[in-house]
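Visitor: Dropping the structure in here first, questions after.
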Amino acid sequence: MAKYLVVVESPAKARTINKFLGSNYSVKASYGHVRDLPKSSLGVDVDNNFTPKYVQLRDASKAVKALKEAAAKADRVLIASDPDREGEAIGWHVAELLKSTKKPVERIVFNEITKRGVKEAAQNPRQIDDNLVNAQQARRVLDRLVGYKLSPLLQWRVRKGLSAGRVQSVAVRIVCDREEEIRKFVPEEYWTLDADLLTEAKENFTARLHRLDDEKPHLPDEDTTQAVVNALEGASYRVASVEKKEVKRRAAPPFITSTLQQEASRKIRFSPRKTMSVAQRLYEGITVGAEGAVGLITYMRTDSTRVSQEAVQEARSFIQQTFDAPYLPQKPNFFASKKGAQDAHEAIRPTSPMRTPEAMKPYLDQDQHALYTLIWRRFVASQMTPAVFDQTTVDIDAQPDESRRADAPAQSFTFRATGSIMKFPGFTKLYQETKEEDNGEKNGQKALPASIAEDQPLELQELRPEQHFTKPPPRYSEASLIRALEEKGIGRPSTYAPTINTINERGYVEREKGRLKPTELGEQVNALLMENFSDILDLDFTARLEEDLDHVEEGSREWHDLLRDFYKDFQKDLEEAQRRMVGELGEDEATCPTCGKPMEVREGRFGPFIACTDYPECKTTKQVKKQNTEPTDEVCEKCGAPMVIRHGRFGRFMACSEYPKCSNTHNVDKDGNKVASEPRPESQKTDKKCPKCGNYLLLRTSRRGEYFYGCEKYPKCKHTQPKELDIKCPLGCGGNLVPRGRGFIGCTNYPDCDFRGSGEVDETTPCSACGHPWTFAVRPKKKQHVRRCPKPACGHEEPLPEQSEESGDEAVEASTTSQGDDS
């Protein structure tokens with residue numbers, strides 16, 4: 001019987017660790033979080049020192065039962081969750097649920113899932129770090145307070161189903177602010193003047209006007225530029241100075257979470273979410289031939305560039321064995337971490353540089369190999385010598401022809417040419433970092449002619465004036481938005497990817513030519529929050545809050561005090577916004593008529609209502625009807641009544657103000673102007689009979705373009721049924737498959753045939769186990785994406801290659817609940 005129960009988050013991690021520990025250890029998975037704040041209520045007792053009211057997650061009941069049974073048989077429990085706040089909190093919640101077993105609980109941490117890393121951790125257990133847990137509790141409570149309190153306001157003022165969040169809303173603001181900069185930008189004209197020159201050795205190069213009368217040239221328009229060209233007519237050109245210097249460029253440090261997401265976006269076109277998903281699998285363990293399962297990279301949520309001495313020496317040994325001597329520096333390269341980085345973690349690196357991407361390729365899928373190659377090359381290159389360039393700067397004096405200038409005042413003209421050639425590649429032999437502005441292109445300078453020397457006369461071939469216009473700042477890409485969040489101190493390594501994913505999924509931003517553009521909805525939500533909660537969206541305020549959470553983690557700040565300080569100002573803004581909104585509902589008072597406490601707007605199943613803030617002690621509520629129409633200049637062509645803008649499930653639309661007497665509607669564009677709707681295809685009569693009234697069924701088209709059968713006597717008979725998929729039932733009953741709603745598919749012979757399946761039908765991919773000609777592609781939100789055989793007798797499942805959910809972000813994703821919590 002095992003003496004120790006080791007608890008990790010995922011089965012993949014459990015399988016890898018189990019290989020390294022002996023028979024005295026039993027490794028079990030918690031499958032992510034086991035407790036969280038409830039979805040149905042605030043879950044925070046604001047009046048009782050902000051005490052969280054945790055509940056066991058329904059999906060975790062099976063895992064918790066298994067953990068309790070295993071703990072009861074063990075002598076001691078070792079929590080081996082991830083080495084960060086989130087992992088510490090998961091471990092604490094597991095420990096709280098295992099208290100009933102009365103077994104001692106200790107914590108072990110490792111930065112890499114290797115035999116050495118795991119065994120060292122098992123031999124050095126510690127207690128759960130309360131400071132780390134409290135920092136995570138404070139973050140969770142903050143996110144719940146903001147999301148739960150703000151989301152109903154958005155749902156009232158904008159539309160149902162929206163959410164706000166402490167970090168996601170700031171990210172949306174950053175995108176909206178950039179869009180506003182672009183809109184307000186006014187291009188300014190400017191000109192440049194280039195001279196194509198020829199040396200005595202007949203080598204050509206180009207120089208640009210650099211100084212005009214010893215000042216930076218100002219060429220705002222064509223007339224000014226042409227005046228300079230005229231002044232240079234007949235001028236002689238001579239080299240005034242040649243400056244040559246050696247320039248060294250050091251390698252970039254190993255990846256941290258933000259730089260990995262940025263570089264993966266630029267180099268291999270991975271979204272931040274996909275990057276973290278693939279990295280999670282590389283960290284938790286890959287089966288490598290006879291070696292078995294082993295973690296290929298270190299922990300991937302980190303903001304530290306620190307590297308262990310053992311890893312540095314191993315990298316240097318690899319460089320010494322693989323490259324010539326000049327590529328290995330005399331001393332190891334070290335990199336300073338940014339201020340506030342958690343140096344308990346290492347940078348993201350391969351667990352062994354000796355596992356080259358070429359050697360690992362047979363064991364990795366395409367995505368895993370691409371990301372592993374990126375991480376491996378960046379780390380090994382970080383321990384190589386700098387690249388060396390010879391940089392040359394040449395200044396050229398242009399002497400105007402005095403005979404052509406008459407009485408014009410003397411002017412001096414200096415042109416400059418710069419060139420650079422690589423003298424020694426150094427680390428660039430293995431890896432080159434890309435920049436956002438590179439757009440995937442190399443923009444290095446060309447070498448200048450070697451024959452250039454001071455006082456050398458040059459021959460002018462052509463003067464080329466060129467018009468330019470200043471450009472607005474570019475929209476953010478996912479990579480540059482992550483960099484902006486990091487630079488401004490917004491969020492932490494574990495939150496970047498979920499934040500980008502959330503604002504995309506909620507429809508607050510959209511991608512246009514690879515860049516993030518705020519949607520109309522995003523700008524509407526941002527404007528509302530800026531109007532009422534400018535503090536929450538203030539970048540400096542959010543950054544200070546992140547620093548305060550760091551101070552809680554360090555033990556220098558009490559987490560309840562942090563929450564009190566935050567809530568004091570937040571509550572004032574909230575009450576003022578509630579007061580205005582209650583006024584919009586036509587209510588004279590924003591106080592409860594029963595107990596005198598403030599009333600607030602809440603969103604229920606049947607729309608908005610006003611409720612007492614002292615619920616459940618006071619259950620006073622009042623139903624209200626939201627007036628969310630906007631007047632227009634349009635007149636209904638059916639009844640002559642004015643048309644108004646309304647908000648529905650699918651956004652804004654134009655409707656008759658006499659609804660329900662008149663149900664005329666039109667689509668509108670983003671400015672609220674009426675647009676012609678595309679006519680739906682005419683209904684087609686079929687030979688099928690309506691099971692309710694016996695008349696014929698028509699093949700109709702829904703507003704989403706999906707086909708269905710409807711009775712020809714509609715609206716007298718409202719019978720409808722889904723159209724068959726033209727796929728035979730896999731049980732061989734002779735029936736066809738039809739969509740049954742709520743994401744599942746059934747047989748037309750139901751109830752005689754009870755076939756039921758879920759997922760997207762993929763007719764192009766057969767089952768790899770039994771050869772059935774089609775399969776289901778099942779893509780749940782918080783579980784692994786799988787391909788599933790529809791034949792119950794087979795039931796074979798295999799992972800889909802485009803898996804996009806990182807198992808280590810469950811807690812962050814859990815924050816984006818229906819109440820609008822943010823991560």
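The values are calculated or read from the model by the stated rules, or taken from the named source; none is laboratory data. In this text the structure is predicted, and so the values were computed from the model without any measurement. Neighbour counts are summed over all protein chains in view; Cβ atoms, including those assigned to glycine, are modelled from backbone coordinates with ideal geometry. Surface areas here come from the heavy atoms of the whole protein model, side chains and all, with no ligands, DNA or RNA. Shrake-Rupley method; radii C 1.70, N 1.55, O 1.52, S 1.80 Å.
Visitor: What is the helix-to-structure angle for 85-97, meaning the angle in degrees between its Cα long axis and the longest Cα principal axis of the chain, kept from 0 to 90 and rounded to the nearest 10?
Guide: The answer is roughly 20 degrees.
Visitor: Work out the charge dipole of the chain with +1 on the Cβ of Lys and Arg and -1 on the Cβ of Asp and Glu about the Cα centre, then indicate which of GLN399, ILE745, GLN784 is farthest towards its positive end.
Guide: Working it through, the farthest residue towards the positive pole turns out to be ILE745.
Visitor: Another one. What does the highest-first list of 372-378, 300-306, 93-99 look like by mean Cβ count within 10 Å?
Guide: Numbers: 372-378: 22.1, 300-306: 23.9, 93-99: 19.6.
Per-residue mean Cβ counts within 10 Å order the peptides as 300-306, 372-378, 93-99.
Visitor: Which of these values of semi-axes √(5λ) of the Cα gyration tensor in Å was calculated from the structure shown: (1) 54, 33, 27; (2) 53, 41, 31; (3) 70, 29, 21?
Guide: Here the calculated entry is (2).
Visitor: Need one number: % antiparallel among DSSP beta bridges in the chain, to the nearest 5. Numbers along the way, then the final one.
Guide: On the way: 112 of 124 bridges.
Around 90 percent antiparallel, to the nearest 5.
Visitor: Here is a follow-up. Mind checking the angle between helix 11-20 and the chain's longest principal axis? C-alpha axes, 0 to 90 degrees, to the nearest 10.
Guide: 70 degrees
Visitor: If each of GLU233 and GLU215 carries a label point 7 Å out from its Cα toward its Cβ, how far apart are those two points in nm?
Guide: In this crude spin-label approximation the distance works out to 2.5 nm.
Visitor: Between the alpha-carbon centers of the range 160-185 and the range 239-289, tell me the distance in whole angstrom.
Guide: 28 Å
Visitor: Determine the gain in length on full extension of the stretch GLU630-TYR659; use 0.36 nm per residue of separation and subtract their C-alpha separation, reporting nm with one decimal.
Guide: Values: separation 29, 0.36 × 29 = 10.44 nm, distance 1.43 nm.
Computed gain between GLU630 and TYR659 is 9.0 nm.
Visitor: Another question, if that's okay. Tell me the label-point distance for the pair LYS53, LYS68, using the 7 Å Cα-to-Cβ offset, in nm and rounded to one decimal.
Guide: So the label points at LYS53 and LYS68 sit 2.2 nm apart.
Visitor: Quick one: dipole size for the chain, taken about the Cα centre, charges +1 on Lys/Arg Cβ and -1 on Asp/Glu Cβ, in debye to the nearest 20. Spell out each step's value before the answer.
Guide: On the way: 125 positive and 127 negative charges, 1028 e Å.
My answer is approximately 4940 debye.
Visitor: Still on this structure: Taking 0.36 nm per residue of separation and subtracting the Cα-Cα distance, what length does fully extending TYR714 through ALA527 add? Kindly include the intermediate steps, with their values, before the conclusion.
Guide: On the way: separation 187, 0.36 × 187 = 67.32 nm, distance 4.39 nm.
Once the chain is fully extended between TYR714 and ALA527, it gains 62.9 nm.
Visitor: Please report, for the Cα atoms of the range 463-549, the Rg to one decimal and the Dmax as a whole number; what are they, in angstrom?
Guide: Just the Cα atoms of the range 463-549 yield Rg and Dmax of 16.5, 60 Å.
Visitor: Here's something else I'd like to know. Taking the Cβ-Cβ separation of ASP223 and ASN504 as r and a Förster radius of 60 Å, what is the calculated FRET efficiency to the nearest 0.05? Mind showing how you got there, number by number?
Guide: Details: r = 48 Å, r/R0 = 0.80.
According to the calculation, E is roughly 0.80.
Visitor: Along the charge dipole of the chain, Cβ charges K/R +1 and D/E -1, which of THR385, ALA315, VAL288 sits furthest on the positive end?
Guide: Selected residue: VAL288.
Visitor: Another question about this same structure. Between ARG249 and SER702, what is 0.36 nm times their sequence separation minus the Cα-Cα distance? Round to one decimal in nm.
Guide: So the chain would gain 157.0 nm between ARG249 and SER702.
Visitor: Something else about it: Roughly to the nearest percent, how much of the accessible area of the chain is carbon and sulfur, given a 1.4 Å probe?
Guide: On the way: 19380 of 41990 Å².
Roughly 46 percent, rounded to a whole number.
Visitor: Please give the charge dipole size of the range 46-116, origin at the Cα centre, charges +1 on K and R Cβ atoms and -1 on D and E Cβ atoms. Round to the nearest 20 debye.
Guide: Values: 14 positive and 11 negative charges, 90 e Å.
Result for the range 46-116 is approximately 440 debye, rounded to the nearest 20.
Visitor: I'd like to check one number: the per residue accessible area of the chain, probe 1.4 Å, reported in Å² as a whole number.
Guide: Value returned for the chain: 51 Å² of accessible area per residue.
Visitor: While we're on this one: How many angstrom separate the Cα center of the range 49-84 from the Cα center of the range 440-508?
Guide: Rounded to whole Å, the Cα centres lie 48 Å apart.
Visitor: Can you give the % of DSSP beta bridges in the range 33-148 that are antiparallel, to the nearest 5?
Guide: On the way: 5 of 8 bridges.
Antiparallel: roughly 60 percent of the beta bridges in the range 33-148.
Visitor: Here's a follow-up. What number in nm² do you get for the range 50-91 if you take the convex hull of its Cα atoms and divide its surface by four? Don't jump to the answer; show the numbers that get you there.
Guide: Working: hull surface 16.5 nm².
Approximately 4.1 nm², given one-decimal rounding.
Visitor: If I model a spin label at THR620 and ASP365 as a point 7 Å from the Cα along the Cα→Cβ vector, what separation in nanometres do I get?
Guide: About 5.8 nm separates the two model spin labels.
Visitor: Can you tell me the relative contact order of the chain? Whole percent, Cα pairs under 8 Å, sequence separation 6 or more.
Guide: Details: 1554 pairs, mean separation 115.8, N = 823.
RCO, the chain: 14 percent.
Visitor: What's the FRET efficiency of CYS794 with LYS99 using the Cβ-Cβ distance as r and R₀ = 41 Å, to the nearest 0.05? Could you put the intermediate results ahead of the total?
Guide: Values: r = 43 Å, r/R0 = 1.06.
For CYS794 and LYS99, the calculated efficiency is 0.40.
Visitor: Against the longest alpha carbon principal axis of the chain, how many degrees, from 0 to 90 and to the nearest 10, is the axis of helix 309-322 turned?
Guide: 60 degrees
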